1. Out of LYS238, LYS230, which single residue is basic (Lys, Arg), closer than 30 Å to ALA57 by Cβ and within 21 Å of the chain's Cα centre (by Cα)?
2. Among GLY214, GLY126, GLY154, GLY229, which is on the phi > 0 side of the Ramachandran plot and in contact (Cβ under 8 Å) with a residue 12 or more places away in the chain?
3. Identify the single condition in (1) assigned to a helix (DSSP H, G or I); (2) under 27 Å from THR169 (Cβ atoms) that VAL70 does not satisfy, given that it satisfies every other one.
4. Does region 227-237 include one or more residues that are farther than 25 Å from ILE164 by Cα, hydrophobic (A, V, I, L, M, F, W, C), part of a loop (DSSP other than H, G, I, E, B) and modelled with pLDDT of 95 or more?
5. Does SER63 satisfy being crowded, with 18+ Cβ neighbours inside 10 Å, assigned to a strand (DSSP E or B) and of a type in the set (Gly, Ala, Ser)?
6. Determine which member of the set ILE9, ILE60, ILE45, ILE32 is of a type outside the set (Ser, Thr, Tyr), closer than 20 Å to VAL112 by Cα, more than 7 Å from the ligand (Cβ to nearest atom) and modelled with pLDDT under 95.
7. For region 251-293, name all the residues that are of a type in the set (A, V, I, L, M), assigned to a helix (DSSP H, G or I) and near the ligand (Cβ under 8 Å from one of its atoms).
Amino acid sequence: MEKFYDILIIGGGVGGMSAAVYAKRRGKSVAIIEKFALGGQLNMINDIENFPSHKLADGISLSKEFADQVGNFEVDLIYDEIQAVDFSDDVKILNGKKQVYKSKSVIIATGVKSKEIGVNENDFLGRGVSFCAVCDANFYKGKDVCVASENGKGLRAAKILSEICNSVTIIDKADLSAFEKVNKDEKIKVISKAEIKQIKGQLKLEKVDVSVSGEHLQLTTDALFVELGKIPATDIFKGVLKLDEQGYIVTNERMQTSEKEVFAIGDVRNGVLKQIVTACSDGAIAGQFACQK
Ligand SMILES: Cc1cc2nc3c(=O)[nH]c(=O)nc-3n(C[C@H](O)[C@H](O)[C@H](O)COP(=O)(O)OP(=O)(O)OC[C@H]3O[C@@H](n4cnc5c(N)ncnc54)[C@H](O)[C@@H]3O)c2cc1C
């Protein structure tokens, strides 16, 4: 039977989990709907030095501590992806891939997602294409890899990869000749003013087709790391909620959005600092004010 919740939280990162703890302690029925894994971006971080209660933490362990606390308060956990929302009525409706969910209030904690190249990279996910160098570098020890970059956004990932891989080729739309002049890492090569056109392979990624100043180039590679930066995960809220020019959800200091009883927290909102502690703080505020109905 369909369950009607007081509060539904979309996204189980640190923001969503903090909101759940605050709301559940006020005696409300609360569920987190998460499409992938609790912890969100935390699962991609090796070392965290600025979470005040931990001298040094790794993201996966810290995420587990958050999840344990959510478990202690018996928050319902639903694994589903919300694909459309209707906030026009008092009853808020969330359409998931698997089911429809209803509640009095909604807290949006969908965070940010990686910007895509826009070719066929998703066909090779887990088969040579990765969106996280920190997470997947180790799978390519001693291999030759490429980094899809934009205005130098892939330089940090290239440095991480060069410590493990045999060679790293940065493919960037911009002119990175200034970086090339100061680069002392012989493993890192740069192809500037280049655009990835297609990704090819049989069972796994084998080749990347690139256009460089109008000329076609085919690179043989073991992996392609897509490092084009992050964008807010707000596609399903376009035309529903007020977003800023970069697509982040606009909120007031109580985390209220442009719709009644709909809150947004953490990296997905137009906050000035996007960190673990600020996502937790947002979650606490929304968890509190969502309980007022
Ligand atoms: C490499 C890296 C290093 C970082 N280092 C630090 C650091 O040292 N210190 C620090 O404080 N911060 C750091 N950060 C930033 C920090 O991780 C984020 O600010 C914080 O985790 C944001 O939490 P969030 O809950 O807002 O969003 P997220 O962690 O992005 O969680 C969003 C969740 O929502 C889910 N979701 C999205 N859309 C849907 C949908 N439609 N349906 C269901 N579920 C959905 C996602 O799967 C995800 O689990 C780092 C981030 C990265 C990537």
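The values are calculated or read from the model by the stated rules, or taken from the named source; none is laboratory data. Predicted model, so just to flag it, every value in this text is computed and none were measured. We place every Cβ from the backbone using ideal geometry, glycine too, and count neighbours over all the protein chains shown.
1. It is LYS230.
2. Working: GLY214 fails: in contact (Cβ under 8 Å) with a residue 12 or more places away in the chain; GLY126 fails: in contact (Cβ under 8 Å) with a residue 12 or more places away in the chain; GLY154 fails: on the phi > 0 side of the Ramachandran plot.
Result of the check over GLY214, GLY126, GLY154, GLY229: GLY229.
3. (2)
4. Yes, there is a match, as at least one residue in region 227-237 is farther than 25 Å from ILE164 by Cα, hydrophobic (A, V, I, L, M, F, W, C), part of a loop (DSSP other than H, G, I, E, B) and modelled with pLDDT of 95 or more.
5. Answer is no for this residue.
6. ILE60 is the lone residue from the list that is of a type outside the set (Ser, Thr, Tyr), closer than 20 Å to VAL112 by Cα, more than 7 Å from the ligand (Cβ to nearest atom) and modelled with pLDDT under 95.
7. Step one: filter region 251-293 for residues of a type in the set (A, V, I, L, M), giving 255, 262, 264-265, 268, 272-273, 276-277, 279, 284-286, 290.
Going one step further and asking which of them are assigned to a helix (DSSP H, G or I), we end up with 268, 276-277, 279, 284-286, 290.
Scanning region 251-293 gives VAL268, ILE276, VAL277, ALA279.
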